[in-house]
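Everything on this sheet refers to the single structure shown next.
The values are calculated or read from the model by the stated rules, or taken from the named source; none is laboratory data. Because the structure is a prediction, the values reported are computed rather than measured. Here the Cβ positions follow ideal geometry from the backbone for every residue, glycine too, while neighbour counts run over all protein chains shown. Only protein heavy atoms, including side chains, enter the accessible area calculation; ligands, DNA and RNA are left aside. Shrake-Rupley method; radii C 1.70, N 1.55, O 1.52, S 1.80 Å.
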There are 2 protein chains.
Amino acid sequence: MHDLTEMLKGTLEGCVLEIIGGEETYGYAITRRLNELGFVDVVEGTVYTILLRLEKNGLVQVTKRPSGVGPPRKFYALNDAGREELTTFWAKWEYLSSRINNLREGGR
Amino acid sequence: MHDLTEMLKGTLEGCVLEIIGGEETYGYAITRRLNELGFVDVVEGTVYTILLRLEKNGLVQVTKRPSGVGPPRKFYALNDAGREELTTFWAKWEYLSSRINNLREGGR
DNA sequence: CTAGGTACTTTGTAGTACCGAGTACCACTA
DNA sequence: TAGTGGTACTCGGTACTACAAAGTACCTAG
């Protein structure tokens, strides 16, 4: 598939928020999940920078837990601010994607 | 409305391609058209940088014409490479937006 | 004890939208 | 005829984001 990096800007963070909103989880697992979901070229480094940003912006609650199969995991869960941010993200996505689809329709 | 700048990255260029693909037009008019279409915060400077990039990448044919109501206009039309790029853009858009919508559905 | 999967960190880079200021053409009007 | 406002393009710099690359470290299987 083509390179989606530029198109992912601004949306990937929302996707990570959505995944965390579904269940408390950690970076490595989020990356695997994104890959399964069709975001095939997203790599760990990218997800970790997003997670650090979310933490810095106070959108998540972080809990470190031992793993049993490797080094300890940092589990992320949304707090109130995070849930609000997620709602905003979907509103923006709906707005933007509808405009873009309208643009396409109009051209045919 | 919220700030869409980050989300526009990677998609705005495609929108400009689509508009040019519809009819030969120029920067100032493209900006006004985008604003009408709901991309309310897109400003001229942004559109011009995109147009210069399209020209540099050999996706458009440029023709300068006098205006009658102001300085001369630079009209842009898609060439074969531009039409191909536009097709690729919509393929990427369809791919990405369907993944994102799937992600959202899965969470409910 | 080595290899490979798991798991996180850090530094640096490239690409994109946007800001701000500037230049310049034209019509209208006081 | 000077000034204002709409039209139209250019250019230098900034902020933000996804990604690359390299490293550290834990654990199991052979």
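Sorted largest first by accessible area at a 1.4 angstrom probe radius, with every protein chain in place, the residues A:24, A:18 fall in the order A:24, A:18. Summary for residue B:65: label point 7 Å along Cα→Cβ; distances to the equivalent points in the other copies, ascending, 6.5 nm. Legend: distances between Cα atoms for A:92/B:74; A:56/B:92; A:9/A:74; A:9/A:56; pairs beyond 21 Å are A:92/B:74; A:56/B:92; A:9/A:74.
Over all pairs of different C-alpha atoms in chain B, the reciprocal of the mean inverse distance, the Kirkwood hydrodynamic radius, equals 15.1 Å. Shown for residue A:87: label points 7 Å from Cα along the beta-carbon vector, and their distances to the equivalent points in the other copies, 4.4 nm in ascending order. Copy B relates to copy A by a rotation, and the B residue whose beta-carbon is nearest that axis, with the distance in whole angstrom, is B:9, 2.
Across the range B:91-100, rounded Karplus estimates of 3J(HN,Hα) from the backbone phi angles (6.51 cos²θ - 1.76 cosθ + 1.60, θ = phi - 60°) give 4, 5, 4, 5, 4, 5, 5, 5, 4, 5 Hz, Gly and Pro being marked x. The ellipsoid that matches the Cα gyration tensor of the protein assembly as shown has semi-axes, each √(5λ) in whole angstrom, of 39, 17, 14, with the longest given first.
Put simply, the amide H of residue B:26, placed in the peptide plane, has neighbours under 5 Å in B:76, leaving out anything fewer than 5 places away on its chain.
Just checking the listed ones, A:83, A:65, A:33: in the Gaussian network model of chain A with Cα springs under 10 Å, the one fluctuating most is A:65. When chain A is described by a simple charge dipole with +1 on each Lys and Arg Cβ and -1 on each Asp and Glu Cβ, the residue from A:42, A:66, A:79 located farthest towards its positive end is A:66. A Förster radius of 35 Å, combined with the Cβ-Cβ distance separating residue A:65 from residue A:9, puts the computed FRET efficiency at roughly 0.65. Dipole magnitude for the protein assembly as shown: about 240 debye, using +1 per Lys or Arg Cβ and -1 per Asp or Glu Cβ, origin at the Cα centre.
Distances, shortest first, from the label point of residue A:45 to those at the same position in the other copies read 3.0 nm; the point lies 7 Å along Cα to C-beta.
Rounded to the nearest 10 degrees, the inclination of helix B:44-56 to the longest alpha-carbon principal axis of chain B is 80 degrees. Summed over both chains, the contact between B and A buries some 3400 Å² of accessible surface at a probe radius of 1.4 Å. Projected label points at residue B:55 and residue A:88, each 7 Å from Cα along the beta carbon direction, are separated by 3.7 nanometres.
The angle separating the long axis of helix B:12-22 from the principal Cα axis of greatest extent in chain B is about 60 degrees. For the pair residue B:23 and residue A:98, what calculated FRET efficiency results from E = 1/(1 + (r/R0)^6), where r is the Cβ-Cβ distance and R0 = 22 Å, to the nearest 0.05? With a Förster radius of 22 Å, E is 0.45.
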